[in-house]
Amino acid sequence: MKLLLINPNTSDAMTAGIAQSAQAVAAAGTEIIAVHPTFGPLSIEGHYDEAFAAAGVAEQVRLAQAQRPEGIVIACFGDPGLEAAREATSAPVLGIAEAAFHAASMLATGFSIVTTMTRTCIIAERLVQRYGFEHQCRGVHGTDIAVLDLEDGGEAMTRQIEDVARAALSRDRSGAIVLGCAGMSALCQTLTERLGVPVIDGVAVAVKFAEALAALAASSLTSSTEGIAALPLARVQADAALPLGAGVNP
């Protein structure tokens, strides 16, 4: 089984780290194909960054069609370009935020989100509303750790995330923590052990959900192609974003 893992930012180091976390939980027969856009921000820390990242996700879905991935994971907590990706392929496409919310709601009666910059909390809050998890999500909390700083890691950073998570569990009366950045995936096991509650890494659960949906496709359970989920109309197929990328072939 081939799963396409798209890191919507353009950091090589973060793409490699996310791919490692994904492969660690993948089934023995699953190949993780990790990519990032040819253009766009090095990190996604606001709506402006997210707009370019969404175009980059669409680019990578298009370029990957020749490889015929059986599932696609968008490895950014803002789920940029999720709906566009679902229009562009018949394979199941999962965003890590949507997957994490579903998993957390199955494991606890309420969960808190711990993310990177406080300025991005509004993005997570709006996703909670869009996906219908207002009753399960009890709070969104920023650590004010920049996304690219997660690449270096270290105990001080881990402790900072742990402290915010511990305070969130108490303040929100939550039973689980959702990590609000794909770059935090390597910390999941450590934080689970220290906090004593389920800590949900959206990358891991999205990979497992994608594997399950891809396997079910053998029994004809495939993505819908009705309405807005249909393939993009031919008249709007012009690749307006491609001039932003270098060396992209149609």
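The values are calculated or read from the model by the stated rules, or taken from the named source; none is laboratory data. Since this is a predicted model, take the numbers as computed values, not measurements. Positions of Cβ are generated from backbone atoms using ideal geometry, with glycine treated the same way; all protein chains shown enter the neighbour counts. For accessibility, only protein heavy atoms count, side chains too; no ligands or nucleic acids. Shrake-Rupley method; radii C 1.70, N 1.55, O 1.52, S 1.80 Å.
Numbers below:
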{"item": "Residue ID - least open to solvent (accessible area, probe 1.4 Å), chosen from residues in the stretch 195-226 that are over 18 Å from Met14 (Cα atoms), modelled with pLDDT of 95 or more and of a type in the set (D, E, K, R)", "result": "Glu211"}
{"item": "In the stretch 131-148, residue most open to solvent (accessible area, probe 1.4 Å) [restricted to those that are farther than 25 Å from His102 by Cα and touching a helix residue (DSSP H, G or I) at 6+ places or on another chain (Cβ under 7 Å)]", "result": "Asp144"}
{"item": "Test result for Gly153, of a type outside the set (Val, Ile, Thr), surrounded by fewer than 21 Cβ atoms within 10 Å (Cβ to Cβ) and either closer than 23 Å to His36 by Cα or in contact with a Pro (Cβ under 7 Å, 6 or more places away or on another chain) (or both)", "result": "yes"}
{"item": "Residue that is nearest to the chain's Cα centre (by Cα), among those in the stretch 46-91 that are closer than 12 Å to Pro8 by Cβ and of a type in the set (D, E, K, R)", "result": "Asp79"}
{"item": "Selected residue (criterion: surrounded by the most Cβ atoms within 10 Å (Cβ to Cβ)) from residues of the stretch 13-22 that are out of contact with any Asp or Glu (no Cβ under 9 Å at 6 or more places or on another chain) and more than 13 Å from Asp201 (Cβ to Cβ)", "result": "Thr15"}
{"item": "Residue ID - most open to solvent (accessible area, probe 1.4 Å), chosen from residues in the stretch 81-118 that are of a type in the set (Val, Ile, Thr) and out of contact with any Phe, Trp or Tyr (no Cβ under 9 Å at 6 or more places or on another chain)", "result": "Thr109"}
{"item": "Residue match in the stretch 182-194 (condition: touching a helix residue (DSSP H, G or I) at 6+ places or on another chain (Cβ under 7 Å), farther than 20 Å from Ile96 by Cα and open to solvent by 20 Å² or more (accessible area, probe 1.4 Å))", "result": "yes"}
